[in-house]
1. Can you name every residue in the stretch 224-251 that is in a loop (DSSP other than H, G, I, E, B) and either among the aromatic types (Phe, Trp, Tyr) or modelled with pLDDT of 85 or more (or both)?
2. Quick one: is Val274 of a type in the set (A, V, I, L, M) and either within 29 Å of Asn167 (Cα to Cα) or surrounded by fewer than 15 Cβ atoms within 10 Å (Cβ to Cβ) (or both)?
3. May I ask you to verify whether Tyr298 is under 13 Å from Phe223 (Cα atoms) and in a strand (DSSP E or B)?
4. In the stretch 318-333, is there at least one residue being aliphatic (A, V, I, L, M) and in a loop (DSSP other than H, G, I, E, B)?
5. Any residue at all in the stretch 198-210 that is under 30 Å from Phe55 (Cβ atoms) and part of a loop (DSSP other than H, G, I, E, B)?
6. Restricting to the stretch 88-126, give me the number of residues that are over 10 Å from Ala184 (Cβ atoms), touching a Gly at 6+ places or on another chain (Cβ under 7 Å), among the charged types (D, E, K, R) and outside any loop (DSSP other than H, G, I, E, B).
7. Scan Ile337, Ile284 and give me the residue that is in contact with a Gly (Cβ under 7 Å, 6 or more places away or on another chain), buried (at least 22 other Cβ atoms within 10 Å of the Cβ) and in contact (Cβ under 8 Å) with a residue 12 or more places away in the chain.
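The values are calculated or read from the model by the stated rules, or taken from the named source; none is laboratory data. Note that the structure is a prediction, hence the values are computed from the model and not measured. All Cβ positions, even for glycine, are placed from backbone atoms using ideal geometry, and neighbour counts span all protein chains on display.
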Amino acid sequence: MSGFPTNRPRRLRASAALREMLATVRLDRRQLVSPLFVRDGQGLEQEISSMPGQFQLSVDRAMETVRRWSDLGLGAVLLFGIPDSKDAAGSGAWDEAGAVQELTRQIKRALPSMLVITDVCLCEYTDHGHCGLLGPGGRSTRFSGFGPASTQGPEAAGNDKPLDVDNDATLEFLARTAVSHARAGADIVAPSAMMDGQVGAIRQGLDGAGLTSTAIMAYAVKFASCMYGPFREAAESAPAFGDRRTYQMDPLAPRQAIEEARQDIEQGADILMVKPAATYLDIIAQVRARFDAPLAAYHVSGEYSMIKAAARLGWIDERRAAMEVTAAIHRAGADVIITYFAPQLAAWLKE
């Protein structure tokens, strides 16, 4: 062997101090964003069965949780709202008295340096569970009021036409939701509905409302993944019928990722996001190689729950697995990592 035994790479791994000095991938609490599920009510703290350690919280309990996270050194949260009632249009999404809006106001008053990111979508708020308004080919027609959705339609008649989500009609309501969140104090709004043109519509809405400093973190590359199953329990957002494959990306068509990201940048996105993260490291790397914009990646519910489940069975070490996966996401090119492990990671990194 040429150069052996003169060249011994193991020398550079001989001690913890040496390994730490030479590490080129470094995790920092400031890179982490912790999702949080907030709902109406008082004194509510309900663990999500498919996501051990994660809870649906009322605003008061959520505020206590954010304070604890701040003490751990976490600097950002991503808020998802769960309303008490839903309708065909998802009108609770832009309710000024909604749980997301109220928690945002409280966080910015008490912890002004905490970054508040809000998810902008309708699926948690619609009675049909889809991310936009349903068109004539869906189960209810274009929104015309705040009443309940019709339970009759093509599906009831046995029509097997593809689900019809009215892309363009949905844009107005996404923009309205983003403006509501920004007025409450959100630093960043994060549209996740995967409607074409949603970033442009939201940017126009924010600027028109004088909210020009509110940033947009675009769910630019969001695949129709099986890894979202636990989230749909957490956010109570499972579709009542059909699925989301007509608007979320096909995992078998990864080349579309660059075009999706490019369009969002052109429409005014400040930060791009890839979702899921751990199972799409190749996509993170491709987007990182093509764009200089800050890049986020979402380590999603199914990816989190698999680690939790395996750790409970004693098959893997939870701490090492969470750290390793998070490092891989960062190594692939993500600047910001949204993860349910964020509070645990922050505590571990503090040690």
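1. Ala224, Ser225, Phe241, Arg245, Thr246, Tyr247, Gln248, Asp250, Pro251, listed by residue number.
2. Working: of a type in the set (A, V, I, L, M): yes; either within 29 Å of Asn167 (Cα to Cα) or surrounded by fewer than 15 Cβ atoms within 10 Å (Cβ to Cβ) (or both): yes.
So Val274 fits the description; yes.
3. Details: under 13 Å from Phe223 (Cα atoms): yes; in a strand (DSSP E or B): yes.
Spelling it out, Tyr298 is indeed under 13 Å from Phe223 (Cα atoms) and in a strand (DSSP E or B).
4. no
5. no
6. The number of residues fulfilling the criteria is 0.
7. Ile284
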